[in-house]
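Asks: Sharing a structure here in structure tokens format.
Every read-out reported here was derived from the displayed coordinates using simple, explicitly stated rules and does not represent laboratory data. Nothing here was measured: the structure is a model prediction, and the numbers come from that model. Here Cβ is always computed from backbone atoms with ideal geometry, including for glycine, and neighbour counts include all displayed protein chains.
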Amino acid sequence: MYQQLKTDLINYSKEIGIDKIGFAAADPFLELKQKLINQQELGYASGFEEKDIEKRVNPALLIDQPRSIIAIALAYPSKLENAPKGKKGERRGLFCRASWGEDYHSILRRKLAMLESFLLERLPDVQLRSMVDTGELSDRAVAERAGIGWSAKNCAIITPEFGSYVYLGEMLTNVPFEPDVPMESQCGSCTKCIDACPTSALIQGGQLNSQRCIAYLTQTKGILPEQFRKHLGNRLYGCDTCQTVCPENKGKHVLIHEEMIPEPEQVKPLLEPILSISNKEFKERFGEMSGSWRGKKPIQRNAIIALAHFKEESSIRALVHVLEEDPRPVLRGTAAYAIGQIGGAEAERALKQALSREKEEEVLFEMEKALQTLRSVL
């Protein structure tokens, strides 16, 4: 009975546009537990994860008598067609591939809800619990156990068909589905992802210091530590470096799901207009993207850092306006940094004028550092 149900579920998953589906036992993730403990002890966790490690590794704490976990994967595009070109006076930022198109959380939840309905029609008393990214379980650990792909050195799941360009989700159930066979890692001796990581966040194969990861740093809301600013480049949200250098991702590009196809002007927007965007405009333009979940302030801060990266002289006035008028210390302080990086007489004059009015210590610190930068250049 359950073998036939599994076959039917696999066939149905293909009908509704799920690119990969796998089945895993709902046993505790004992090996993962020790890794998570080590991450916390080393201070490598991002803080976005579920705090209770036991819930992350023990499915029995999430539903009664779990018997299996259904893992799904949806492939997303890796190339931006008709990408607009940035140029002097019109610099552009970039959202990572995982933020292209509609928020993947919404897409996967819809697919999982359809799978739930399918099972409930056949087993009305079935116990189910679905999750995507923000749930207690580790999406990657489940996908690895379910044979979706192997756990790579860049801490992603790599599938033979789509590389690591896949979104993951899972469903806990008390149905005793036969588990699939996990894949052996095929990373071999390759260390390209580790070698290319801009901030050395990949400590070793399979171990990430999230506190140094650019994908994490772009989502923080405070003043970005100076040691990381020049590594940000023009990234507004996320980082794809450890994926783009991976040999397993070479030539992997699909346009299977229409809702994931990126809008070029949305995912590679002009930087300067972002500095003055209203909450309403931000929600209308970026609200459906996963990269908008932390609100506009981190995106605006990162846009300022990107203008500093380009040393975009034409943006001095917009940055000075942020320095003088923006009520948020994080943006004023970051603007001071950018003005110091771009330099020039107007930059120095603006910093000195704003310095006499500023009250916030963290902003004053950034202003003094910016003035020191200008003096050292002179």
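Asks: Enumerate by residue number the GluC sites (Glu not before Pro) in the stretch 71-131 meeting two conditions: DSSP loop (anything except H, G, I, E, B), and at most 10 other Cβ atoms within 10 Å of the site's Cβ.
Replies: Of the GluC sites (Glu not before Pro), the ones in loops of the stretch 71-131 whose Cβ has at most 10 other Cβ atoms within 10 Å are GLU81.
Asks: Normalised by the residues of the stretch 192-377, what does the relative contact order come to in percent, with Cα pairs under 8 Å and at least six apart?
Replies: 19
Asks: In the structure displayed, which of LYS153/LYS252; LYS268/LYS311; LYS79/LYS311 lie more than 21 Å apart, Cα to Cα? Can you show the working numbers first?
Replies: Numbers: LYS153/LYS252 18 Å; LYS268/LYS311 18 Å; LYS79/LYS311 27 Å.
Correct reply: LYS79/LYS311.
Asks: So how far, in whole Å, is the C-alpha centre of the stretch 89-160 from the one of the stretch 1-66?
Replies: 11
Asks: Next up: Per DSSP helix of 4 or more residues, -39500 (n - 2.57); summed, then divided by the residues of the chain. What does that give at 222 nm, rounded to the nearest 500?
Replies: -12000 deg cm²/dmol
Asks: Something else about it: Roughly how many Å is it from the Cα centre of the stretch 315-347 to that of the stretch 167-207, as a whole number?
Replies: The stretch 315-347 and the stretch 167-207 have Cα centres separated by 41 Å.
Asks: For helix 316-325, what angle does its Cα long axis make with the longest principal axis of the chain, in degrees from 0 to 90 and rounded to 10?
Replies: Once rounded, one gets 80 degrees.
Asks: Going by a 4.7 Å Cβ-Cβ cut-off, which cysteines of the chain have no partner at all?
Replies: Those would be CYS96, CYS155, CYS187, CYS190, CYS197, CYS213, CYS239, CYS246, since no other cysteine Cβ in the chain comes under 4.7 Å of theirs.
Asks: With springs only between Cα atoms under 10 Å apart, run a GNM on the chain and tell me which of ASN209, ASN58, ASN279 wobbles the most.
Replies: Largest GNM mean-square fluctuation: ASN279.
Asks: Neighbour counts of other C-beta atoms within 10 Å: give me TRP100, TRP293 arranged from fewest to most. Numbers along the way, then the final one.
Replies: Details: TRP100 23, TRP293 14.
Least crowded to most crowded, the residues run TRP293, TRP100.
Asks: Only Cα pairs under 8 Å and at least 6 apart count here; give the relative contact order of the chain as a rounded whole percent.
Replies: On the way: 688 pairs, mean separation 74.4, N = 378.
Across the chain, relative contact order equals 20 percent.
Asks: To check you understand DSSP bridge types, tell me what percent of the beta bridges within the chain (both residues inside) are antiparallel, rounded to 5.
Replies: Values: 25 of 27 bridges.
Expressed as a percentage, antiparallel bridges in the chain total about 95.
Asks: Quick one: CYS193, CYS187, fewest Cβ neighbours within 10 Å first, how do they rank?
Replies: Lowest to highest Cβ neighbour count: CYS187, CYS193.
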